[in-house]
Amino acid sequence: SGDKEEDGNLTVPEWACQRVARLVHLNKKLTDAIEVLQEHAELRDGHQDYSRALAFRRASCVLKSLPFAVQDVRQLEGLKDVGGHVKRVLSDLLDNGSSSEVQEILNSSWYQKMKLFTSVFGIGPSTAKKWIDNELESIKDVKRNSVRSSDWRVIWGLAFFEDLNSPVLRSEADRFLSIVQQEAEKLLPGVIVQLCGGFRRGKSSGHDVDILLTHPKEGSELGLLHNLLLALEKKDLILIGHKEKSSFRQEILFQDFKLSMRGQLDHFEKWLGICKFPKSFQEQRLDSCLHNDDSNSNSNCLSDHAAQDLDSVKHCEHSEADTQTQTQGNSQLHKASQEKSSEGTVPTCHSLNESFDGTSYEPSAKKAKCGSSLDACPDDLADSERDWVARRVDLIIAPYSQYYYALVGWTGSKHFNRDARLYAQKVLGLKLTSHGLFDMAKKEALPSSSEAEVFHHLKLPYRDPEDRNC
Ligand code: GTP
Ligand code: MN
Ligand code: MN
């Protein structure tokens, strides 16, 4: 990763996806501060803020892969991703132990409220801003002022705010994963069930559980998600969720990226929802290391970074910006479409009578309990005495021919994906998505039958998931 050349100039590979970025690194104090600036810029969401946020992100990313702890900004000479602004902040931090600019942001009530409101499932910066404009200060305020959202994510996200904002532990992810593995194997022998997201990158806690499923016999995965949800429902593990049909069509692959993605990250069949995790899932089990079928995913059993990344748990939007947004100044238009999809245009019209086959899904037990009054349901349930915790879960189904691209995409980190997609486009002239790698000119796909092959096609050194934490 980082190297001192003979002339004293530091060289770091140009692209983040070419570097090694670990969860535990030597410059955490610095990157935490820079990430506050980044987040602040992201939340401001103005015309220039997007590229500002990206610049901060790039800087913190470089700092993460340095092989030494920075003690003086002069050590950063020659790093083009660390600009003057960042250098000023870093010298403040190194000289005085803190940065007034960062401190000011952390102390500002606008930032605090934005962070709070955008941590509600389904809420992005634009709704959060509206709430602030309406003088709402707390989640209580939001609930009391009965901001009547028709988005199921917001309704349930508010009702279970505390649950969903407390970190999901590794042990919970493992316990849930093994149930999904068991049930899926019963339904479809030979199924591959893979824990992705932050947990696969070695985090010991997260904001949700991401599980990717596939089967080597292409096509046999059809119907799996439906049946799996029924099985989980039978085990009383499901609270609420939304099943999205696959919107994948062969024709869209070679369409303009921006058109084909429409503010979504991919076209897989998936279920985004909230599950009921028994509190007993939080107990560490000695055999928890044995539950993973993937050699990469159990790094946490060996080294536990709980203390370090517990506070970095964060809510993320799943209709998040795709790689194109960061690249150029056309972000305004693009952003508008993302915001839409992240804040309510997903078909959410919620009827308790909707059948399981529909896209929305209400557990049967609650139908009986709540009658037709939708609004009262989640709150009553949240307030009731219960032996479970509400947890965000993403279940994604990938056809095997796209699986390894989906695996890279759903493993992240988000920044790793963005960087890799931009790199693929700029350096190789190829389009990288969670569905594959495409040569748009030749109208050719470059299939992969392993993660290593994905990296090989990208002409990138292979990186273990733990090394993709940029
Ligand atoms: P925590 O959940 O907070 O621990 O972090 P995480 O890295 O797991 O984030 P998250 O669950 O939001 O996303 C997991 C990975 O999947 C990230 O790398 C995202 O870039 C990626 N991801 C999230 N949503 C989508 C999506 O809709 N499509 C695709 N292809 N990838 C997604
Ligand atoms: Mn996740
Ligand atoms: Mn997720």
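Bear in mind these aren't lab numbers, they're just calculated from the coordinates by the rules spelled out. Small disclaimer: the values here were computed from a predicted structure and weren't measured. For neighbour counting, all protein chains shown are included, and Cβ atoms are generated from backbone atoms with ideal geometry for every residue, glycine included.
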- prompt: Any idea how far apart Arg148 and Ser247 come out in nm if each label point goes 7 Å out from Cα toward Cβ?
  reply: 2.8 nm
Label-point separation, Glu233 to Arg88 (7 Å along Cα→Cβ), nm: 5.7 nm
query: Expressed as a fraction of 2.2 N^0.38 Å, the rule-of-thumb size for a compact globular protein of N residues, what is the C-alpha radius of gyration of region 41-146?
result: 1.33
query: Seen from all sides and averaged, what is the projected area of the convex hull of the Cα atoms in region 47-108, in nm²?
result: 4.7 nm²
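Starting from the Cα-Cα distance between Tyr462 and Asp32, subtract it from 0.36 nm times their residue separation and give me the gain in nm to one decimal. Don't jump to the answer; show the numbers that get you there.
Numbers: separation 430, 0.36 × 430 = 154.80 nm, distance 2.67 nm.
Value of the extension gain: 152.1 nm.
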- request: Compute the distance in nm between two label points, each set 7 Å from the Cα along the Cα-to-Cβ direction, one at Glu137 and one at Ser108.
  value: 2.0 nm
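Return the FRET efficiency for the residue pair Ala69, Lys426: r is the Cβ-Cβ distance, R0 is 25 Å, and the value is rounded to the nearest 0.05. It would help to have the intermediate numbers written out before the result.
Working: r = 31 Å, r/R0 = 1.25.
Efficiency, rounded to the nearest 0.05: 0.20.
Could you estimate the translational diffusion coefficient of region 108-147 from the Stokes-Einstein equation, with Rh from the Kirkwood formula over C-alpha pairs, at 20 °C and 1.002 mPa s, in whole µm²/s? Mind showing how you got there, number by number?
Numbers: Rh = 9.8 Å.
The diffusion coefficient I find is 219 µm²/s.
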Ascending count of other beta-carbon atoms within 10 Å, so fewest first, for Phe68, Phe248: Phe68, Phe248
